[in-house]
């Protein structure tokens, strides 16, 4: 039976040290085709939650199902764009090489087609280390999209990208969502972008503080609970 | 000389091939550490009057596995672990050797490398093991490259990270010990590091970097062994000197080119 939810998280807990829980009792569902934003202050466990969902970290308790399967069994169905892709920039690896090594079943023609869709024509044979932040982000999105993912996870995808690059990036994600009905799960600090872009917001601060549509979640009370008094101004600006 | 050349050509392929991944993973110190630790095995072999080569192989591989395990089970950095283990094993080897009376020619040839020390029975170990390591590297080329580039995301692209990491440490340990007789404990890791460092400066892709590393290393081995034979210099030192000279030359040429551009 096909589940209606792309992601189901039940009573999830995780801790890096025995002294403090990073996440506790987190439960939520993300329907197919949603654009879901994970928001919360620094150190609230957003990235940890994302890494558990894609199977890079194992939870201490609870469970996660991606399209009805545990994360490690659903890796072929997901794409992931990390917050930071730390590599030695002096190393001579080309854009095509990293894409082909990540997806050996894809032909050069297919990879070039994806690069074309992401406005990266003519970049296949240049060094990864010479790309700008925005171009590197596109390569990482291309790498994630080559899996034809049903769910795309993005961890603070525009950190280190200039304003113009940010705009183009969100247009690109909107295009992918529109064309392929990809479920998108994104960690973000940009509440204004989230308010316009996402249709589901999960507020995380060690636990799930609240969830729902942006207009219901971004109230002065929730923002104060999540970020402290200063953040309540954001609500009044709207 | 012929046996040394055959051994040198095999090592000239396997060490820089592995070295490409070693330098990308910033594990250059691991090669040095394993080579020095293997001296404990050599000492055990000499004291026990058995062939030191297999004992050194066992000690080298054990050191590599121990570094792998301790890296994951403790919060100590890889460099610190290698430092502790190799100095410990080296000290053990030196104490064992101090118990032996008289001049130790075999120890000296293991320390600095010796063309004449390569025997037919050594080739029977070096050649199949080198071929095996190259076979594994070709089979898992994609996985090792992704692991070296970014370990965290590699797991999402069908890379079985932990077993392949362990396999990589074992391969480095075996390859290093294979090179000890020809190049010496002190210099063997140079063939792991120098050719990939030169190739990195000139290659335009990762695959080409691997090819240039191997081509460069083979040239250093042939030229180094020829000079070593003609001038009666230690084989390891001569091969490494040729490589280091090439490195300096290419670095200087690159420096000149970039100065002209700016």
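No value in this document is a laboratory result; all are computed from the given coordinates. As the structure is a computational prediction, the values presented were derived from the model and not from experiment. Cβ coordinates were reconstructed from backbone atoms using ideal geometry, including for glycine residues, and neighbour counts include every protein chain displayed.
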Legend entry - Virtual spin-label span in nm between residue B:201 and residue B:6, 7 Å along Cα→Cβ: 3.5
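Rounded to the nearest 5, what % of DSSP beta bridges with both residues in the protein assembly as shown are antiparallel? Walk me through the intermediate numbers first.
Working: 18 of 35 bridges.
Percentage antiparallel, nearest 5: 50.
Percent relative contact order of chain A, based on C-alpha pairs within less than 8 angstrom and at least six residues apart? Show your work: numbers first, answer last.
On the way: 427 pairs, mean separation 60.7, N = 238.
It comes to 25 percent, rounded to a whole number.
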Inset, instruction - Work out the mean other chain Cβ neighbour count within 10 Å for the residues of A:99-106 and drop it here as an integer. - result: 4
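For a footprinting-style exposure proxy, rank B:140, A:80, B:68 by other Cβ within 10 Å, fewest first. Please list the in-between numbers first.
Numbers: B:140 18, A:80 26, B:68 21.
Final ranking by Cβ density, sparse to dense: B:140, B:68, A:80.
Under 1.5 on a/c is rounded, so check that first for segment B:162-262, then, if it is not, pick prolate when a/b is larger than b/c and oblate when it is not; a ≥ b ≥ c are the square roots of the alpha carbon gyration tensor eigenvalues.
Values: a/c = 2.52, a/b = 1.14, b/c = 2.21.
Oblate.
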Legend entry - Per-residue [θ]222 nm for chain A (sum of -39500 (n - 2.57) over DSSP H runs n ≥ 4, rounded to 500): -10000 deg cm²/dmol
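Please work out how much length the chain gains when fully extended from residue B:250 to residue B:233, using 0.36 nm per residue of separation minus the C-alpha to C-alpha distance, in nm with one decimal. Kindly include the intermediate steps, with their values, before the conclusion.
Numbers: separation 17, 0.36 × 17 = 6.12 nm, distance 2.45 nm.
Additional length available on full extension: 3.7 nm.
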Inset, instruction - Project the alpha carbons of segment B:206-262 onto their principal axes and report the range along each, largest first, in whole Å. - result: 45, 25, 12
Inset, instruction - Nearest 5 is fine: what % of DSSP beta bridges in chain A come out antiparallel, could you say? - result: 50
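Helix-only mean residue ellipticity at 222 nm, chain B, DSSP H runs n ≥ 4 weighted -39,500 (n - 2.57), per residue, nearest 500. What is it? Let's see the in-between values first.
Numbers: 12 runs with 218 residues, N = 262.
Result for chain B: -28000 deg cm²/dmol, rounded to the nearest 500.
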Legend entry - Listed residues A:218, A:91, A:169, most fluctuating in chain A (Gaussian network, C-alpha, under 10 Å): A:91
Legend entry - Inter-label distance, nm, simple model (7 Å from Cα along the C-beta direction), residue A:108/residue A:89: 2.9
Legend entry - Gap separating the Cα centres of segment B:240-255 and segment B:19-58, nearest whole Å: 27
Inset, instruction - Going by C-beta contacts inside 10 Å, put B:87, B:74 in order with the fewest on the left. - result: B:74, B:87
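Evaluate the relative contact order of segment B:33-107 (contact order divided by residue number), counting alpha-carbon pairs under 8 angstrom at least 6 apart; express in whole percent.
Numbers: 88 pairs, mean separation 32.5, N = 75.
Rounded, it is 43 percent for segment B:33-107.
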Legend entry - chain B, relative contact order in percent, only Cα pairs under 8 angstrom and at least six apart counted: 32
